[in-house]
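Trainee: Next up is a structure, given as structure tokens.
The values are calculated or read from the model by the stated rules, or taken from the named source; none is laboratory data. This structure is a prediction, so every number in the text was calculated from the model and none was measured. Positions of Cβ are backbone-derived with ideal geometry, glycine not excepted, and every protein chain shown enters the neighbour counts.
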Amino acid sequence: MKPVNYYLDTLLKPISGYSIRTKLILAVTSIILIIGIVSSVYLFNFQTAMMTSELQDKGISITRNLAENSVNPILTDDVLKLQHLIENIIIAESDVAYVFILDGEGNVIVHTFEGGFPSALKAVNPAIRESSIKRIELDSEIIDDIAYPVLEGRIGEAHVGMSEAHMNEILSRSMLFSLGLITISMLIGALLAYGAGTYISRPILSLKKGALELGKGNLDYKVNVDSQDEIGDLAVTFNTMAEKLEILIHEKDAANQKILETSKYLDTIISGSHDGINVIDSNGRFEFCNRAFFEIGGYEEKDLIGKHFMTIIPADHHNFMLERWKEVQKGMGKPYETQIISKDGSLRDLMVSHKDIVVGGGAKYVVVIKDVTELKKLDEMKSNIISNISHELRTPMTIMRGFTELAIHEADPVKRNEFLEKSINAIDKQNQMIQDLLEIAISESGPIKLNYENVNLNDVLDTSLKIVKQKARLKDITIITSLEKDLQVKADSQQLAYALTKLLDNAVKFNEKGGTVEVKSRYTDGHFEILVRDTGIGIYTNDQDKIFEKFYQADSTTTRNYGGSGVGLTITRHIIEAHGGKIRVESELGVGTTFFITLPVEKAGDI
């Protein structure tokens, strides 16, 4: 069986969302209604029983008197007297519906029915010894039929029908009065409940408003409740709570502000660091990475956070990194170098250091990385430069020494002169290399000083072509020229010839045996243009923006295969730019390379 609370909750659930005032009105009117109904029913039943008893007592009295007064007329067979007797009763008593008298044989002697005596009434309520009462319905009317024996029933019996119509009318009026009284009581109760609900709910509404203001952050709002009851105590407690809450919030805001400032300070330091910083959990998964870390690898937050750090380690470094990870977890980690795979698939060289910390009872590892990829490239380039220059300087010196020794011991003057000439050529080559290095040093120390004069651009090209034609013939390279006439330019002819010679020398040096070098000059779009195209080995696309850097070799093996110090194009660019011009390159690997030089018609001045 379910508990009473279950039924109460079910009954009261529909009004759970109503206000206190509404609930109070409903409660008071419901109580008045219930009491009124119960009282009315009780009074109605009591009044009905009492009036029924009075009606029946009256009927018994009338019937007894009729029976006593009808003895002589019955015995004398005086029907007129009996008729007069019952008609007087009908006239005198409004509650009497009918009267009739039966003889000893049960025959009707007299009656008051205008339409004839209903035969069904003869045996409906026989009188036995004393009076008998039976409630019947006659012509849709409730009648109390009262029978009384005449001379103990030996000569007959008298019947009087007492109508309940008048009694029912009185009861109906009484019921209407009760309903009116209940309605008035409910209205009065509702008004009283409304007033009481308003009085009770006013401080509660004040508390509600205070709670709303408190929710909006208005901690200075005070609840004004004058009552001295429990609600008044609640209001005092509410105000006290608001004051303490304001103090706590101010303290919390101050603490949060301090934490925020500290956090911003640390974020600024971490975000502004050029070193990559990340945090790894005890399972080796990334929890945090700063901006520098993402930039080093080219990753985004979604690419790394939650992933294991081994996902960016090259396969050939896995064993090495797993050993380092074990050392770090034991607190033995020391700085080391390793590599990671960047998002574009390239490898980055890193210097790595760790620091373990405990956060929330769990181990975390702060990892600081420094990208040393460029430093390692510079070290490698430095080594290559030193090796290249050493090789390039040593080679002509070896040639000079060899041919000089041969010349000393050679008696034939022709051969001796040939040996000495070759030594001189080696000396010139070495001097040229030293001159290149000096040119680079001069260009780095400040602007190149140019001695401008009006020169024919084609004359300058002819000078440069004469210098490289011998080398071209040795490699069976054909030089094709297409030079536009009368290209007068203001330039330093020696410097410009020097720059063009370097460019043409490269076109021959990196060309295939039997290839071609095409040289063009023309005036176009307000400036002079020089084109040098070869059919050589070509340049990688990634290297085309770097070939003008000093000592840069697109492939370190080219130094060994073709010779050179890697400064020729750097010198060319400096000289061309000093003349106010520009140089660019287009190349396809295995097809050839084309250099485009543009020079202004008027000199740009010293740069």
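Trainee: Which residue out of G59, G36 is farther than 30 Å from I86 by Cα and in the same structural domain as L151 (by TED's automatic domain parsing)? Working first, answer last.
Mentor: Working: G59 fails: farther than 30 Å from I86 by Cα.
Step by step, each of G59, G36 is checked, and only G36 is farther than 30 Å from I86 by Cα and in the same structural domain as L151 (by TED's automatic domain parsing).
Trainee: Here are some conditions: (1) modelled with pLDDT of 75 or more; (2) under 22 Å from T22 (Cα atoms); (3) under 33 Å from the mean Cα position of the chain (by Cα). K208 meets all but one. Which one does it not meet?
Mentor: In the conditions (1) modelled with pLDDT of 75 or more; (2) under 22 Å from T22 (Cα atoms); (3) under 33 Å from the mean Cα position of the chain (by Cα), K208 misses (1) alone.
Trainee: Same structure again: Return the pair list, or none, for Cβ contacts closer than 6 Å from residues in the range 506-535 that are without any contact (Cβ under 8 Å) to a residue 40 or more places away in the chain and under 13 Å from L465 (Cα atoms) to residues that are of a type outside the set (V, I, T) and assigned to a strand (DSSP E or B), at least 6 apart or on different chains.
Mentor: E518/R533; K520/S482; K520/L531
Trainee: Here is a check on your reading of the model: is G104 surrounded by fewer than 16 Cβ atoms within 10 Å (Cβ to Cβ), more than 22 Å from I142 (Cβ to Cβ) and free of Cβ contacts under 8 Å to residues at least 60 places away in the same chain? If you could, list the steps in order and put the result at the bottom.
Mentor: Values: surrounded by fewer than 16 Cβ atoms within 10 Å (Cβ to Cβ): yes; more than 22 Å from I142 (Cβ to Cβ): yes; free of Cβ contacts under 8 Å to residues at least 60 places away in the same chain: yes.
So G104 fits the description; yes.
Trainee: What about E157, is it at pLDDT below 90, assigned by TED's automatic domain parsing to the domain that holds I62 and not aliphatic (A, V, I, L, M)?
Mentor: Values: at pLDDT below 90: no; assigned by TED's automatic domain parsing to the domain that holds I62: yes; not aliphatic (A, V, I, L, M): yes.
No; evaluated as a whole, the condition is false for this residue.
Trainee: Go through the range 467-504 residue by residue and tally those that are part of a helix (DSSP H, G or I) and more than 15 Å from K520 (Cβ to Cβ).
Mentor: Filtering the range 467-504 for residues part of a helix (DSSP H, G or I) gives 467-474, 493-504.
Checking the rest, the ones that are also more than 15 Å from K520 (Cβ to Cβ) come to 467-474, 493-499, 501-502.
Counting residues in the range 467-504 that are part of a helix (DSSP H, G or I) and more than 15 Å from K520 (Cβ to Cβ) gives 17.
So that you can scan it fast, the table gives a plain yes or no per residue for (1) closer than 16 Å to G592 by Cα; (2) of a type in the set (F, W, Y); (3) touching a Ser or Thr at 6+ places or on another chain (Cβ under 6 Å); (4) at pLDDT 90 or above:
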| site | (1), (2), (3), (4) |
| --- | --- |
| T501 | no, no, yes, no |
| N506 | yes, no, no, no |
| R522 | no, no, no, yes |
| I530 | no, no, yes, yes |
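Trainee: Only one of these is in contact with a helix residue (DSSP H, G or I) (Cβ under 8 Å, 6 or more places away or on another chain) and in the same structural domain as L599 (by TED's automatic domain parsing): L487, L474. Name it.
Mentor: Being in contact with a helix residue (DSSP H, G or I) (Cβ under 8 Å, 6 or more places away or on another chain) and in the same structural domain as L599 (by TED's automatic domain parsing) holds for just one of L487, L474, which is L487.
Trainee: Are any of the residues in the range 330-340 of a type in the set (A, V, I, L, M, F, W, C) and at pLDDT 85 or above?
Mentor: Scanning the range 330-340, I find at least one residue that is of a type in the set (A, V, I, L, M, F, W, C) and at pLDDT 85 or above, so the answer is yes.
Trainee: For the range 583-598, give me each residue that is surrounded by fewer than 17 Cβ atoms within 10 Å (Cβ to Cβ), of a type in the set (A, V, I, L, M) and either modelled with pLDDT of 90 or more or part of a strand (DSSP E or B) (or both).
Mentor: Answer for the range 583-598, where residues must be surrounded by fewer than 17 Cβ atoms within 10 Å (Cβ to Cβ), of a type in the set (A, V, I, L, M) and either modelled with pLDDT of 90 or more or part of a strand (DSSP E or B) (or both): just V585.
Trainee: On to the next question. Please go through the range 575-594 and pick out each residue that is over 10 Å from I539 (Cβ atoms) and either β-branched (V, I, T) or touching a helix residue (DSSP H, G or I) at 6+ places or on another chain (Cβ under 6 Å) (or both).
Mentor: Let us first name the residues in the range 575-594 that are over 10 Å from I539 (Cβ atoms), namely 575-584, 590-591, 594.
Residues satisfying the conditions are I575, I576, I583, V591, T594.
Trainee: Test G197 against the criterion of being under 30 Å from E230 (Cβ atoms) and surrounded by 20 or more Cβ atoms within 10 Å (Cβ to Cβ), and give yes or no.
Mentor: Numbers: under 30 Å from E230 (Cβ atoms): yes; surrounded by 20 or more Cβ atoms within 10 Å (Cβ to Cβ): yes.
Here the answer is yes, as G197 does meet what is asked.
Trainee: Further question: Please find, among M162, M167, the residue that is in contact (Cβ under 8 Å) with a residue 24 or more places away in the chain, assigned to a helix (DSSP H, G or I) and within 30 Å of G116 (Cβ to Cβ).
Mentor: Numbers: M162 fails: assigned to a helix (DSSP H, G or I).
When all the criteria are applied, what remains is M167.
Trainee: To continue, here is another question. Would you please name the residue that is nearest to the chain's Cα centre (by Cα), looking only at residues in the range 158-205 that are closer than 30 Å to I136 by Cα and among the β-branched types (V, I, T)? Spell out how you get there, then give the answer.
Mentor: Our first condition is that a residue be closer than 30 Å to I136 by Cα; within the range 158-205, this holds for 158-179.
Okay, now just the ones that are also among the β-branched types (V, I, T), so 160, 170.
Working: V160: 94, I170: 77 Å.
Residue satisfying both the conditions and the ranking: I170.
Trainee: For S140, are the conditions met, namely being of a type outside the set (A, V, I, L, M) and in contact (Cβ under 8 Å) with a residue 60 or more places away in the chain? Walk me through it before giving the result.
Mentor: Values: of a type outside the set (A, V, I, L, M): yes; in contact (Cβ under 8 Å) with a residue 60 or more places away in the chain: no.
Considered against the rule, which asks whether it is of a type outside the set (A, V, I, L, M) and in contact (Cβ under 8 Å) with a residue 60 or more places away in the chain, S140 comes out as no.
Trainee: From L80, L102, which residue is more than 60 Å from the chain's Cα centre (by Cα) and part of a helix (DSSP H, G or I)? Don't jump to the end; show me each part of the working.
Mentor: Numbers: L102 fails: part of a helix (DSSP H, G or I).
Step by step, each of L80, L102 is checked, and only L80 is more than 60 Å from the chain's Cα centre (by Cα) and part of a helix (DSSP H, G or I).
Trainee: Quickly run through the range 107-125 and pick out the residues that are more than 15 Å from V79 (Cβ to Cβ) and without any contact (Cβ under 8 Å) to a residue 24 or more places away in the chain.
Mentor: Our first condition is that a residue be more than 15 Å from V79 (Cβ to Cβ); within the range 107-125, this holds for 113-116, 118-125.
Hits for the range 107-125 are F113, E114, G115, G116, P118, S119, A120, K122, A123, V124.
Trainee: Another question about this same structure. Restricting to the range 298-334, and then to whatever is of a type in the set (V, I, T) and part of a helix (DSSP H, G or I), can you tell me which residue is surrounded by the fewest Cβ atoms within 10 Å (Cβ to Cβ)?
Mentor: It comes out as T311.
Trainee: Please specify each residue of the range 73-100 satisfying the condition of being touching a Lys or Arg at 6+ places or on another chain (Cβ under 8 Å) and loosely packed, with under 13 Cβ neighbours inside 10 Å.
Mentor: Correct list: empty.
Trainee: Select, from L33, L43, L8, the only residue that is over 30 Å from R135 (Cβ atoms) and at pLDDT 85 or above.
Mentor: On the way: L43 fails: over 30 Å from R135 (Cβ atoms); L8 fails: at pLDDT 85 or above.
Residue meeting the stated conditions: L33.
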